[in-house]
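The values are calculated or read from the model by the stated rules, or taken from the named source; none is laboratory data. None of the values given here were measured: they were computed from a predicted structure. As a convention, Cβ positions derive from the backbone with ideal geometry for all residues, glycine included, and neighbour counts pool all protein chains shown.
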Amino acid sequence: MSAPNVNVEVQKTGNESSLSLLRRFTKRVQSSGVLMRKRGLRYKTRNLSTLKRKMGTLKFIERRAEREKLAKLGKLPVEKKRGRR
């Protein structure tokens, strides 16, 4: 793979047609790997910070405790089955 910041450039040679110049440019871009790298980064999400993860875990623990408490008291709503028909 080539360097991350690659500028692809082609020069028109002699009596080369615009179509062949465009084709040559396209091949050069594909071989440089710029598009593949950009497409790979397209949906990348940042990792959550330590504090965010801790707060989310604490919320989860609180919700689970509340649910267990309601289950012991018999006050949980009836869950619908999520199976196939």
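Could you tell me which residue of region 62-85 is surrounded by the most Cβ atoms within 10 Å (Cβ to Cβ), considering only residues that are aliphatic (A, V, I, L, M), assigned to a helix (DSSP H, G or I) and at pLDDT below 95?
Residue satisfying both the conditions and the ranking: Leu70.
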With respect to the numbered conditions (1) under 30 Å from the mean Cα position of the chain (by Cα); (2) exposed (fewer than 11 other Cβ atoms within 10 Å of the Cβ); (3) of a type in the set (A, V, I, L, M), which one is the sole condition not fulfilled by Val6?
-> (2)
Out of region 24-70, which residues are under 30 Å from Lys12 (Cα atoms) and either touching a Leu at 6+ places or on another chain (Cβ under 9 Å) or of a type in the set (Val, Ile, Thr) (or both)?
-> Thr26, Val29, Val34
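Can you tell me which residue within region 9-55, out of those that are in contact (Cβ under 8 Å) with a residue 24 or more places away in the chain and not in a loop (DSSP other than H, G, I, E, B), is surrounded by the fewest Cβ atoms within 10 Å (Cβ to Cβ)? Spell out the reasoning first.
Quick first cut of region 9-55, residues in contact (Cβ under 8 Å) with a residue 24 or more places away in the chain only: 32-34, 37.
Add one more test, that the residue is not in a loop (DSSP other than H, G, I, E, B), and what stays is 32, 34, 37.
Values: Ser32: 16, Val34: 18, Arg37: 14.
Across region 9-55, the extreme among qualifying residues is Arg37.
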